[in-house]
Amino acid sequence: MKKWKCEECDTVIDEDKILIADNPFDPENIITGCPFCKSVNSLQAACDEYGCDQLASCGFPTAEGYRVTCGKHMRKYKEKTEEINEIHRLEVKVEKLEADLIEAKKDSAEIAVETQVIK
């Protein structure tokens, strides 16, 4: 669940606890409020890493879904994501090499059969 941090009282709030109302000045939009200090439109995305209450400063896709984190946790996941991407790249390379090997064996078997037919 997405977390939000109130810039007025520094409380970290789960998304389902945010106060939401129609904007009385612009009916096409809504306003949000902090359920603790009742400030309006003072909520900013918080780092979604468990136990972290810093403001989120970046977002990025992961295998588990989209993450929004502070810079400290972004670096942690960036390294992990780079490792996962490298593993995936190598898996694709292995699959291609296996397919090439199967094709080479098939060609070799066909050549052997043709050689036997010619004799």
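The values are calculated or read from the model by the stated rules, or taken from the named source; none is laboratory data. Because the structure is a prediction, the values reported are computed rather than measured. For neighbour counting, all protein chains shown are included, and Cβ atoms are generated from backbone atoms with ideal geometry for every residue, glycine included.
For the range 4-36, taking the residues that are of a type in the set (A, V, I, L, M, F, W, C) and more than 20 Å from Asp53 (Cβ to Cβ), the one that is surrounded by the most Cβ atoms within 10 Å (Cβ to Cβ) is identified as Ile31. Pairs linking a residue in the range 18-40 that is within 12 Å of Cys6 (Cα to Cα) to a residue that is surrounded by fewer than 10 Cβ atoms within 10 Å (Cβ to Cβ) and at pLDDT 95 or above, with Cβ atoms under 6 Å and 6 or more positions apart or on different chains, are Thr32/Ile20.
Under the condition of being surrounded by 15 or more Cβ atoms within 10 Å (Cβ to Cβ), outside any loop (DSSP other than H, G, I, E, B) and at pLDDT below 95, the residues counted in the range 37-72 number 4. Can you tell me which residues in the range 41-51 are without any contact (Cβ under 8 Å) to a residue 12 or more places away in the chain and under 25 Å from the mean Cα position of the chain (by Cα)? The answer is Tyr50, Gly51. Would it be correct to say that Glu8 is in a loop (DSSP other than H, G, I, E, B), among the charged types (D, E, K, R), on the phi < 0 side of the Ramachandran plot and modelled with pLDDT of 95 or more? Judged against the criteria, Glu8 is a match.
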